[in-house]
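Accompanying notes for the structure given below.
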Amino acid sequence: MTTPQPGTAAPFDARALTEPVDRARLAAWSREARAGGQGPRMGQIVLFLVIVLFIAFIGFAVFGVFLTIALGSSAGVVVPLLMLVVIGLAVWGGIAWWNRQLVRGYRLAGFASANGMTYLPELKDPQLPGMLFDLGRSRVAKDLVRG
């Protein structure tokens, strides 16, 4: 077995993982990644928010009926306010989640390119060695850094 000579190891640069994120570069990377079919998909996020809001509306409608029966007409003010709070929290949570996904992808892509590797945000049905890893459905590997 040979030992590597001093100075022949590939340089390791982890600055992309710890540096502050420039918002202009993040936006440019996001546009480029979506154009290449590798960025987070907006349709998935919108569908998730629509489903959550639909469930919230149904839940608040049922809750409003019970409050109206129990308290009389005063529930007419409480239910719309609660619905606005839930909608606001859902939108805020969706935006925060989306931003975290973009920043993570941007950081990993920068790290991979700085170290001579490639970054894939998602690989469907990855081919892995062994009998156990081929079992299952909807197998997805996320945030792959290869090099």
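Residues that are among the polar types (S, T, N, Q) and under 16 Å from Ser30 (Cβ atoms) within the range 92-127 comprise Asn99, Gln101, Ser113, listed in sequence order.
In the range 113-124, how many residues are under 22 Å from Arg139 (Cβ atoms) and either among the basic types (Lys, Arg) or assigned to a helix (DSSP H, G or I) (or both)?
1
Residue pairs whose Cβ atoms lie under 9 Å apart, sitting 6 or more positions apart in sequence or on different chains, and linking a residue in the range 18-37 that is among the basic types (Lys, Arg) to a partner that is surrounded by 10 or more Cβ atoms within 10 Å (Cβ to Cβ), are Arg25/Tyr106; Arg25/Gly110; Arg31/Gly39; Arg34/Pro40; Arg34/Arg41; Arg34/Met42.
Give the range 117-138 a look and list any residue that's within 22 Å of Arg34 (Cα to Cα) and of a type outside the set (Ser, Thr, Tyr), or say none. Selection gives Met117, Leu120, Pro121, Glu122, Leu123, Lys124, Asp125, Pro126.
Listed here are the helices (runs of 4 or more DSSP H) enclosed by the range 1-111 that have at least 3 residues being more than 26 Å from Arg146 (Cβ to Cβ) and modelled with pLDDT under 80: 42-71.
Any residue at all in the range 94-116 that's surrounded by fewer than 12 Cβ atoms within 10 Å (Cβ to Cβ), among the small types (Gly, Ala, Ser) and closer than 24 Å to Arg23 by Cβ? For the range 94-116, residues surrounded by fewer than 12 Cβ atoms within 10 Å (Cβ to Cβ), among the small types (Gly, Ala, Ser) and closer than 24 Å to Arg23 by Cβ: present.
Residue-level check: of (1) part of a loop (DSSP other than H, G, I, E, B); (2) within 23 Å of Ala27 (Cβ to Cβ), Gly130 misses just (2).
The values are calculated or read from the model by the stated rules, or taken from the named source; none is laboratory data. Because the structure is a prediction, the values reported are computed rather than measured. Note that we place each Cβ from the backbone using ideal geometry, even for glycine, and neighbour counts take in every protein chain shown.
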